[in-house]
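Only one structure is covered here, and it is reproduced in the block below.
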Amino acid sequence: MRAELSETPESATARASDLRIGGLEKLSLVDWPGRLSATLFLQGCAWRCRYCHNPHLIPFAAAPGGGPTWTSVLAWLSRRRGLLDGVVFSGGEPTWQAGLGAAVEAVRELGFAAALHTGGPRPDRMERLLPRLAWVGFDFKAPFARYAGVTGADDGGRARASLRLLLDAGVAHEIRTTWHPQLLAPGDLEAMASTLVDEGVRTWVIQRFRPDGCADPELRAHPAGEPPVERLRHPALSIVVR
């Protein structure tokens with residue numbers, strides 16, 4: 001079946017119970033800055049970002065017994081009301097799963113705020129999700145015309161559309177980029193900064209490459225060092241290195 005091999009197809013009856021879950025972080029202080037959250041890692045991603053540190057979440061078919069069921073997650077969350085601020089849906093790429101909207105609604109009905117980590121490959125689903133989200137961590141991978149060089153897919157147009165939807169919605173967010181010199185040259189960072197300024201973004205987080213978990217031996221063999229942010233001169237854009 002296609003649903004076992006790739007993204008879950010559209011369905012008028014997409015259910016949260018259809019989610020393929022790769023793991024659950026029961027307490028996170030970093031996945032949603034300033035909030036105590038649980039993080040649900042959804043299985044599956046059509047992109048192949050070379051720096052990915054969760055490669056086990058890339059296959060759309062979860063490993064047998066690899067993650068909790070939605071029923072068990074919901075039962076556990078019902079016992080954490082008043083102790084957690086919210087639930088972060090991460091991955092993989094959560095928006096590839098059609099049941100994500102129903103899952104977001106379910107955690108909100110339990111009294112939790114919902115947040116999303118995404119690279120924006122599905123602007124159609126993003127548009128439907130945004131009214132129900134309290135925060136979005138948006139991964140800006142590369143200059144939109146060069147997405148294939150980082151993700152393996154020419155989805156820069158989709159990512160741009162999702163970013164525009166996010167900014168227009170006024171949902172609290174963080175725009176972040178993972179930097180490695182073999183993937184993004186200083187000129188790429190300059191182009192990305194200009195794009196963000198043009199889009200009205202005021203803060204950009206540039207993340208240092210993390211070798212742990214990365215499956216790419218070439219990137220692991222070449223330390224990334226510090227992002228060359230001193231070359232980025234955009235008074236309207238605050239740049240944070242993390």
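Residue 157 falls short on exactly one of the conditions (1) of a type outside the set (D, E, K, R); (2) within 23 Å of residue 52 (Cα to Cα); (3) outside any helix (DSSP H, G or I), and that condition is (3). The lone criterion from (1) open to solvent by 40 Å² or more (accessible area, probe 1.4 Å); (2) closer than 20 Å to residue 20 by Cβ left unmet by residue 91 is number (1).
Quick grid of which residues meet (1) modelled with pLDDT of 95 or more; (2) not in a helix (DSSP H, G or I):
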site	(1), (2)
174	yes, yes
177	yes, yes
190	yes, no
196	yes, no
204	yes, yes
207	yes, yes
210	no, yes
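Every listed requirement among (1) under 21 Å from residue 167 (Cα atoms); (2) surrounded by fewer than 22 Cβ atoms within 10 Å (Cβ to Cβ) is met by residue 102 save one, (1). Put simply, of 60, 41 the only residue that is over 23 Å from residue 134 (Cα atoms), of a type in the set (A, V, I, L, M, F, W, C) and touching a helix residue (DSSP H, G or I) at 6+ places or on another chain (Cβ under 9 Å) is 60. Can you name the residue in segment 64-88 that is of a type in the set (Gly, Ala, Ser) and open to solvent by less than 40 Å² (accessible area, probe 1.4 Å) and, of all such residues, is nearest to the chain's Cα centre (by Cα)? Across segment 64-88, the extreme among qualifying residues is 86. Taken over segment 38-63, the criterion of being closer than 14 Å to residue 117 by Cβ and either open to solvent by 50 Å² or more (accessible area, probe 1.4 Å) or touching a Ser or Thr at 6+ places or on another chain (Cβ under 6 Å) (or both) is satisfied by 39, 41, 47, 49, 53.
For segment 215-224, the criterion of being within 21 Å of the chain's Cα centre (by Cα), open to solvent by 40 Å² or more (accessible area, probe 1.4 Å), under 23 Å from residue 52 (Cβ atoms) and in contact (Cβ under 8 Å) with a residue 24 or more places away in the chain is met by at least one residue. Pairs are defined by a Cβ separation below 9 Å, a sequence spacing of at least 6 or placement on different chains, a first member in segment 86-110 that is without any contact (Cβ under 8 Å) to a residue 24 or more places away in the chain, and a second member that is surrounded by fewer than 24 Cβ atoms within 10 Å (Cβ to Cβ) and in a loop (DSSP other than H, G, I, E, B); no pair meets this definition. Restricting attention to segment 117-149, the residues being within 15 Å of the chain's Cα centre (by Cα), among the aliphatic types (A, V, I, L, M) and assigned to a helix (DSSP H, G or I) number 3.
Remark: pairs (first residue in segment 194-209, touching a residue at least 12 places away in the same chain (Cβ under 8 Å); second residue exposed (fewer than 15 other Cβ atoms within 10 Å of the Cβ) and of a type in the set (A, V, I, L, M, F, W, C); Cβ separation under 6 Å; 6+ apart in sequence or on different chains) = 197/236; 205/240; 206/241.
For residue 88, the criteria (1) in a helix (DSSP H, G or I); (2) over 27 Å from residue 228 (Cα atoms) hold in every case but one, which is (1). Taking (1) of a type outside the set (Asp, Glu); (2) open to solvent by less than 50 Å² (accessible area, probe 1.4 Å); (3) over 19 Å from residue 124 (Cα atoms) in turn, residue 161 satisfies each apart from (3).
The values are calculated or read from the model by the stated rules, or taken from the named source; none is laboratory data. If you're wondering where the values come from, they're calculated on a predicted model, not measured in any experiment. Note that each Cβ is placed from the backbone with ideal geometry, even for glycine, and that neighbours are counted across all protein chains shown. These accessible areas exclude ligands, DNA and RNA; they are computed on the full protein's heavy atoms, side chains included. Shrake-Rupley method; radii C 1.70, N 1.55, O 1.52, S 1.80 Å.
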